[in-house]
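Below: one structure, written as structure tokens.
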Amino acid sequence: MSQGSFTRISRPVRTMIVVLAATLMLASCGKGTGAEHPPEPGDTAVAKVDGRTVWSSDVKREAVAQGLIGEGEPLDVSSDLFRRVMDEVVDQKLLASEALKRKLDKDPAAQRRLAAARERILGDMLVESTVSDAVNENAIRGLYQEQLKLAKQSEELKARQIVLASLAEADAVKKLLATGASFEALAMERSTDAATRFNGGDLGYFTTDVMPEAYDANLKIAKAGQIVGPFEVDGGWALVKVEDRRLEQPITLEAARPQIVRFLTYDQVRDLLEKLRARSKIQTLIRAPQDVPGQPKEPASAPPVKPGAATVPATPPEAAAPVAKPAAAKPAAPVAKAPAQPATKAAKP
């Protein structure tokens, strides 16, 4: 499998609390004054708003919530980004304080929103706690090794191409190559393929099954050093020089790590929700859409799946709260073949 052979799999079921920051501040603004202590060891006070402290951890948390930095990444307090986010945190505190002065927190709608925010944050904390315990280095390495064993390792080749407008031109170039002319130089000089011409026709490493049919048919058994063609392709006639053949290089653990973590995270959250739903009494008080009078009914079942067809992993929720584990099978493992690529593009650098 190639370095790009991981499919795009489920995003992590992890909530980034963007709109809740002001809500949290609104709830905290009503607390009494007194000596303030750093909320985290080594925390630093970076601003004061009417006597209330803004900590560096507050700013970093907001930066993470906005997707400006990753969880655990440093944020220099002297940077422009830190100051910009700090100003936003100050603005949020000012808005929350003014809302309290106007007694907006007493409004029933505000109370419901505050309660919903609290539930969401508590849910996030449970998810983070569950995931941090289960998604560890051993689990990551274990899944990586498991997928390496299951993945089919095909042969790939490295090649260059020259694409000409007509068969006569292709034959003429092949004669020049037979006299010892440089394939790379002729590709730069005469090839009509804009995607590869200026790098000497380089297609990189690829497996023939991801290329158009004409390439697959002509290059499947070609040997290293062999010039194949001309054969007809989309846009003209191709001459291809096979430079190397090798087994696909497995993706490294570090390259695979982010998607493995996302896969394991989603799996843990689905399992957690499945257990919670199983031991809870949940009543749906609204009728399903197909039971609403006058509404068209959906088909009773999905179309049958063809034998041998690959299942598609369930897509994780984009919303703040995760959803229950679907009844479908566990998402497919994160290793798969790269999608087919156009003839004019290099399959791999």
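List, in order, the whole-Hz ³J(HN,Hα) value for each residue of segment 83-89 obtained from phi through the Karplus relation with A = 6.51, B = -1.76, C = 1.60 and θ = phi - 60°; use x for Gly and Pro.
Working through the residues one at a time gives 5, 5, 5, 4, 4, 5, 5 Hz.
Could you work out how far apart the two model spin labels at Asp50 and Ala115 are, taking each label as a point 7 Å from the Cα in the direction of the beta carbon, and quote it in nm?
Placing both labels 7 Å beyond Cα along the Cβ direction yields 2.6 nm.
Val49's amide H: which non-local residues (gap 5+, or another chain) put their own amide H closer than 5 Å, with H modeled 1.01 Å from N in plane and none for Pro or chain starts?
Amide H neighbours of Val49, under 5 Å, 5+ apart: Val54.
What residues from segment 235-254 fall in the zone where the backbone N is under 18 Å from a label point 7 Å along the Cα-to-C-beta line of Ala168?
Answer for this model: 236-238.
Using the beta-carbon distance between Asn138 and Arg279 and R0 = 22 Å, what value does 1/(1 + (r/R0)^6) give for FRET efficiency, to the nearest 0.05?
0.20
Please label the shape of segment 34-107 as rounded, prolate or oblate, based on the square roots a ≥ b ≥ c of the eigenvalues of the alpha-carbon gyration tensor (a/c under 1.5 means rounded; beyond that, a/b larger than b/c means prolate, else oblate).
prolate
Between Glu71 and Asp209, with labels modelled 7 Å along Cα→Cβ, what's the label distance in nm to one decimal, could you check?
Distance between label points: 3.6 nm.
Counting other beta carbons within 10 Å of each Cβ, put Phe231, Phe183, Phe263 in order, fewest first.
Ranked by crowding around the Cβ, least crowded first: Phe231, Phe183, Phe263.
Taking neighbour Cβ counts within 10 Å as the exposure measure, how do Met188, Met125, Met86, Met211 sort from fewest upward?
Met125, Met188, Met86, Met211
Just list whichever of Lys158/Lys220; Lys149/Lys275; Lys174/Lys220; Lys152/Lys275; Lys60/Lys93 have alpha carbons separated by over 24 Å in the model shown. Mind showing how you got there, number by number?
Values: Lys158/Lys220 12 Å; Lys149/Lys275 31 Å; Lys174/Lys220 20 Å; Lys152/Lys275 35 Å; Lys60/Lys93 15 Å.
Pairs exceeding 24 Å: Lys149/Lys275; Lys152/Lys275.
Just to confirm my numbers, what's the Cα centroid distance between segment 123-139 and segment 224-250 in Å?
Spelled out, the Cα-based centre of one part sits 47 Å from the other.
Can you sort Leu276, Leu157 by how many other beta carbons sit within 10 Å, fewest first?
Values: Leu276 12, Leu157 23.
Neighbour counts put them in this order, fewest first: Leu276, Leu157.
Go through segment 116-130 residue by residue and turn each phi into a ³J(HN,Hα) via Karplus (6.51, -1.76, 1.60, θ = phi - 60°); whole Hz please, and just put x for glycine and proline.
5, 5, 5, 4, 5, 5, 4, x, 4, 5, 5, 4, 4, 5, 5
Considering the options Leu164, Thr252, Ala187, tell which one lies farthest towards the positive end of the dipole of segment 163-283, charges being +1 on Lys and Arg and -1 on Asp and Glu at the Cβ, about the Cα centre.
Thr252
Collect residues whose amide H, placed 1.01 Å from N in the peptide plane, falls under 5 Å from the amide H of Ala159; neighbours closer than 5 in sequence don't count.
Leu203, Gly204, Glu243
Read-outs throughout are calculated quantities, based only on the coordinates presented, and are distinct from any laboratory measurement. Since we're looking at a predicted model, the values are computed, not measured. As a convention, Cβ positions derive from the backbone with ideal geometry for all residues, glycine included, and neighbour counts pool all protein chains shown.
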